[in-house]
Amino acid sequence: MWSGSPLFPEAASTIASRVDAVFFFLIGVAVFFSVLIAALILRFAIKYRRRAPDAIGEVITGGVLLETIWTAVPLAIVLISFGWGASVYFAMSRPPEETLDIYVVGKQWMWKFQHLDGQREINELHVPVGRAVKLTMTSEDVIHDFFVPAFRTKADVIPGRYTTIWFEPTKAGRYQLFCAEYCGTRHSGMIGQVVVMEPTDYQAWLSGGPQEGSLASRGEKLFSDLACNTCHRPDTQGRGPALDGLFGKTVTLQGGETVTVDEAYLRQSILTPAARITAGFQPIMPTFQGLVTEEQLLELVEYVKALRSR
Amino acid sequence: MQTTVAALPPRHYLNDGFGIRSWLFTRDHKRIALLYLATITLFFFIGGAMAVLIRLELATPAGDLVTDETYNKLFTMHGVMMVFFFLIPSIPATLGNFLVPLMIGAKDLAFPKLNLLSWYIFVVGGLFTLYALISGGVDTGWTFYTPFSTISSTSKVVPTALGVFITGFSSILTGLNFIVTIHRMRAPGMTWFRMPLFLWSIYATSLIMVLGTPVIAITILLVAAERLFHFGFFDPAVGGDPVLFQHLFWFYSHPAVYIMVLPSMGVVSEVVAAFCRKPVFGYRIVAFASVAIAVLGFLVWAHHMFVAGISVYAAMIFSVLSMLVAIPSAVKVFNWTATMYRGSISWQTPMLYAMGFIGLFTIGGLTGVFLATLAVNVHVTDTYFIVAHFHYIMVGGALMGYLGGLHYWWPKISGRLYPEFLAKLSAGIIFLGFNLTFFPQFVAGYLGMPRRYHAYPPDFQVLNVLSSAGASILGVGYLIPMAYLMWSLRYGRAAGSNPFGAVGLEWMTTSPPPTENFATTPVVAWDAYDYKGEVEGRVA
Amino acid sequence: MLPDAVEHHHPALAHQFDSLAQQREAAALGMWVFLVTEVLFFGGLFATYAVYRWWYPDAFAAASHELDILLGGTNTAVLITSSLTMALAVHSAQLGRRRLLLLFLIATMALGCVFLGIKGVEYYHKFVEHHVPGPGFEFEAAYARQAQIFFSLYFIMTGLHAVHMIIGIGIMLAMFWMSWRGRITADYYNPIEVSGLYWHFVDIVWIFLFPLLYLIGRHA
């Protein structure tokens, strides 16, 4: 109902209306209490204005009932607000099973996007309407933040780790993308657009553009260029763990702890191999810190993920 | 009640020595308060000048007035100046320093030399920061987020960090001095629950200063060490975690918000009682609410980090804890309002500021609930909604309280009355200008305008023009009190010891008070705000 | 608790206090509050330490093995002894035995200097071994990165502790001067008592630092 108003942002994702609902509830609470307090203050200030220069006020030291009421009512309201806000937040942080995965690398001062099929984009992201899109994001330098107001969602993009965000666009159109975490001189120039397309248009767009091989295939090439395959062999004879079907599994480490193989673990194992060694292997792998870029890392990660289905 | 006195008392702390040395080597808490007052006023106007430039730049969407680099330095230095060099010391170091011994019936703070040392430390910290400003400025934002501040920024991070670090010790020592003074220096009969509520809020503030400031001191030191010696605490390249910095930073800097606003709450309690001439409704609850805010304030830091990749469950815990801070704050607002019921309300300037505080703090506090609510936080964090929210707390709250307190005790400090009409006029201008400046920013924030943007999409321009227009009104509003308060120092009418007919030990000595505060140590046999007792002659 | 006339005019009684007892309580409370701030100051470092040790236990153990446990242990003994001499100094002050007081203050300062000397030797070793974080840092390849975090923590924690020691020795010098001039008496010894609190605190910080930095993974 508010869309198109200059005072309210467009809502273009499945989560947006849920966030707006909480927001309207809070607006209602805020308006009610602000008006109540302002009205009481003004009324008292007029009604009980000082009549004689040395008049004093009536001695009222307190009231247990009133104190209880105005402790309990706000408490109830904030707990409702907490529960409601938390449930929506929970939905925001849990992407559905089936998602369209896209990788994002932020750097001063641009956004780089990599689609699984190989398309690369800068400051513009094409996604189809009606599909849940999951972004796995990292930064080459400082902390950035991926923010699309129309989707009511936002997440920091942090160097040295992967963060994720997901949204399901509901309307085709062009939406503003901002960097929302201050990142240096041209912070306000680190903006772009998310282009939401009808599925057919999206397919056309996907098949258009220059192809340089899928992300996983580029990862595969890198895997052999860096000679990873001399140790990580498909059979069990290698000096490193076999990677086929590894992604998503739980492995036991040397200390006896277990870890689920996810993007973050793969990333750490490439950059800091000694940190979490799989049980039965020696810490002999060299670090690739400084030898691979963030984008190449993503290609390697995606390659290992693709081995899942082998 | 209004005693007309033709002249100031013959002997008081202001004419107890005139040379520059009598000020620079003073150990009198009242003179040290004035030293602070002069210093923080200077920093306020430096920070304010930067705000003017920021609002001028944002009047148009294009970044056309200053370069992006300059703009980033402007908002950084505005934040650093206002937060560390104005708001944090504002009420504690000026009104607190002046009033704590007077209100408890003591001759001075427990450690007068330490008090003077605190001011010198403050000045040295300020000089470091001014040096950083003049020699090129700093562009990290007042939050110094890593790794930008450690590996990316090329501006004067280290001098600024050292300035903030040094100033922290001034804050720690001031808090320590207040705690010891309130514990050990109360006059006979001045029990904890007879203390004015201002002292309760100063006590709660001091707790935060003592417990929180050392953590930011060490954090800032780590940033400086990382820049100077290439230590790797927050550097992802060696396995350090930039987000750890945020935890450490907000562990102090969220409670620091309460360092700014709690003293103002204390002022409001005093002013509302004095201008309604009745005790504060629910005295004990208001007193405990101050302490509760101070304690809870330490448990909510991660609500600044809901989008920084913390776990969902951690976020939920911090959300519900943040919600709890709203309770003592709401209780205070209701109690002040209830105090006005059947009062004898005088519409003098301090009361106008107090009413302004209650209204604006209510809005600031309620929008705080928006931010504690996880789903809404995700959308509005790092947007102008945040900027609007914390200015409602820090300017609408903290600064309104400071100005109200400054007017209320000005006759006590200076011995002279300020011009009432001008004071009311400027209070009105400030209230209007403030709302025009910051209310549109709530709207801009929900629309999605990110903060710290040098240029912005044209869709947001109308709101920004309103905001800039409000800022110009606000600026005028601040200049007027500056002018008439200075004027009153020389030309104001002598105030007499108790111009507002208020109850409290500070009003039972002359204005200005003598250096030793009281001719004889008072013996207290009445509760705070005992206006009935005063009429019946029991308060003396 | 009313101050008697003699006490009221004691030369050491500051003008803002009513009695020596009030003055003494205020000083002690002030120092305790200050020590609380110190706990939080080091607390920030310990929190940082805890996070990284939790993340990188192996690298921390490997790096910890590079520290000289003999020098560190000696320093622990030196500091504990200095706490004893400090306690004896406070005791002598309470009894009004000026010569003993002076003697114990000198002993405390001397032990403090020994500690700093040994610390300096350790720093020098780390410098020679290229274990100072920065571009010149060298460590066995598997743990090279996180070992740098360990050594960053090592230097900042022991460095700040050493700064506190230097300040402590400065305070002891001032105490020595006051005692020498006869300003410390059996009914006015709070400066010594309060300085003693500070000294013991700095000592306790080391008691935590030593096992956390030197003894990781040595129990096996």
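General observations
- Total charge dipole magnitude, chain B, about the Cα centre, Cβ charges on Lys, Arg, Asp, Glu only, Debye to nearest 20: 1440
- For residues of C:174-187, the mean tally of beta carbons on other chains within 10 Å: 0
- Chymotrypsin sites (Phe, Trp or Tyr not before Pro) restricted to DSSP loop in segment A:1-105 with at most 11 other C-beta within 10 Å: A:Trp2
- Listed residues A:Thr278, B:Thr191 arranged by accessible area, highest first, probe 1.4 Å: B:Thr191, A:Thr278
- Heavy-atom accessible area for B:Val257, with the other protein chains in place and a 1.4 Å probe, reaches approximately 30 Å².
- For the pair segment A:225-292 / segment B:305-348, the C-alpha centres are spaced 49 Å from each other.
- Size descriptor, Kirkwood hydrodynamic radius, that averages inverse alpha-carbon separations across segment B:20-535, Å: 23.3
- Average beta-carbon neighbours from other chains, 10 Å sphere, peptide B:377-389: 4
- The spacing between segment B:437-515 and segment B:190-242, judged by their C-alpha centroids, is 27 Å.
- Restriction of the GluC sites (Glu not before Pro) in segment A:1-107 to DSSP coil positions whose beta-carbon has at most 16 other beta-carbons within 10 angstrom yields A:Glu58, A:Glu97, A:Glu98.
- Protein-only accessible surface order, largest first, of A:Lys47, B:Lys113 at 1.4 Å: B:Lys113, A:Lys47
- Highest-first arrangement of B:157-163, B:97-103, A:118-124, where packing means the average Cβ count within 10 Å: B:97-103, B:157-163, A:118-124
- With all protein chains modelled, accessible area of B:Met265 [1.4 Å, Å²]: 0
- Positive dipole terminus of the protein assembly as shown, leading residue within B:Leu262, A:Cys231, A:Pro6 (C-beta point charges): B:Leu262
- Here the label points at A:Ala279 and B:Phe288, each 7 Å from Cα along the C-beta direction, are separated by 5.3 nm in the simple model.
- Shown here are the Rg and Dmax of the Cα trace of segment C:1-119, at 21.2, 67 Å.
- Highest mean packing comes first when the peptides B:492-505, C:123-136 are listed by Cβ atoms within 10 Å, giving B:492-505, C:123-136.
- Net charge dipole size for the protein assembly as shown [Lys, Arg +1 and Asp, Glu -1 on Cβ; Debye, nearest 20]: 3040
- Share of alpha-carbon pairs per 10 Å distance bin for segment A:92-186, given as whole %: 17, 53, 27, 3
- 4 °C / 1.567 mPa s Stokes-Einstein diffusion coefficient of the protein assembly as shown, Kirkwood radius on C-alpha pairs, µm²/s: 41
- Normalised size of segment B:150-292, defined as Cα radius of gyration per 2.2 N^0.38 Å with N residues, equals 1.35.
- Across every pair of non-identical alpha carbons in segment B:17-119, the mean reciprocal distance, once inverted, gives a Kirkwood radius of 15.6 Å.
- Area accessible to solvent at A:Arg276, 1.4 Å probe radius, in Å²: 90
- For the pair segment A:159-206 / segment B:49-86, the C-alpha centres are spaced 28 Å from each other.
- Binning the alpha carbon pair distances of chain C at 5 angstrom intervals from zero yields the distribution 1, 7, 13, 15, 15, 13, 10, 8, 6, 5, 3, 2, 1, 0, 0, expressed in whole percent.
- Projected label distance in nm at B:Asn15 and B:Leu432, using a 7 Å step from Cα toward the beta-carbon: 4.1
- Calculated [222 nm] ellipticity per residue, helices only, for chain B: -21500 deg cm²/dmol; basis is -39500 (n - 2.57) per DSSP H run with n ≥ 4, divided by all residues, nearest 500.
- Taking the C-alpha atoms only, the angle from helix B:312-340 to the longest principal axis of chain B is near 30 degrees.
- Lys/Arg +1, Asp/Glu -1 at C-beta; the protein assembly as shown dipole; positive extreme among B:Tyr531, B:Ala51, B:Pro279: B:Tyr531
- Computed about its Cα centre, the charge dipole of chain A is approximately 840 debye, with only Lys, Arg, Asp and Glu carrying charge at their Cβ.
- Mean separation of Cα contacts under 8 Å, 6 or more apart, over the residue count of chain B: relative contact order %: 20
- Helix-only arithmetic for chain A: the sum of -39500 (n - 2.57) across DSSP H runs with n ≥ 4, divided by the residue total, places the mean residue ellipticity at 222 nm at -11500 deg cm²/dmol.
- DSSP-assigned coil residues among GluC sites (Glu not before Pro) in segment A:146-225, each with at most 16 further Cβ atoms within 10 Å: A:Glu212
- Across segment A:189-293, the volume of the C-alpha convex hull divided among the residues equals 181 Å³ per residue.
- Above-threshold pairs, the threshold being 26 Å between Cα atoms, out of B:Lys30/B:Lys532; B:Lys73/B:Lys113; A:Lys112/A:Lys305; B:Lys278/B:Lys424; A:Lys107/A:Lys134; A:Lys47/B:Lys278: B:Lys30/B:Lys532; B:Lys73/B:Lys113
- 10 Å Cβ neighbours from other chains, averaged over peptide B:219-229: 3
- Furthest towards positive pole of dipole, A:Leu298, C:Thr48, B:Thr205, structure part the protein assembly as shown, Cβ charges: B:Thr205
- Qualifying aspartates and glutamates (Cα of each under 12 Å from Cα of B:Lys332; at least 8 residues distant if same chain): A:Glu67
The values are calculated or read from the model by the stated rules, or taken from the named source; none is laboratory data. Every value quoted in this text rests on a predicted model; they were computed, and no experiment measured them. Heads up, the Cβs are rebuilt from the backbone with ideal geometry, glycines too, and the neighbour counts pull from every protein chain shown. Heads up: the accessible areas ignore ligands, DNA and RNA and are worked out on the full protein's heavy atoms, side chains in. Shrake-Rupley method; radii C 1.70, N 1.55, O 1.52, S 1.80 Å.
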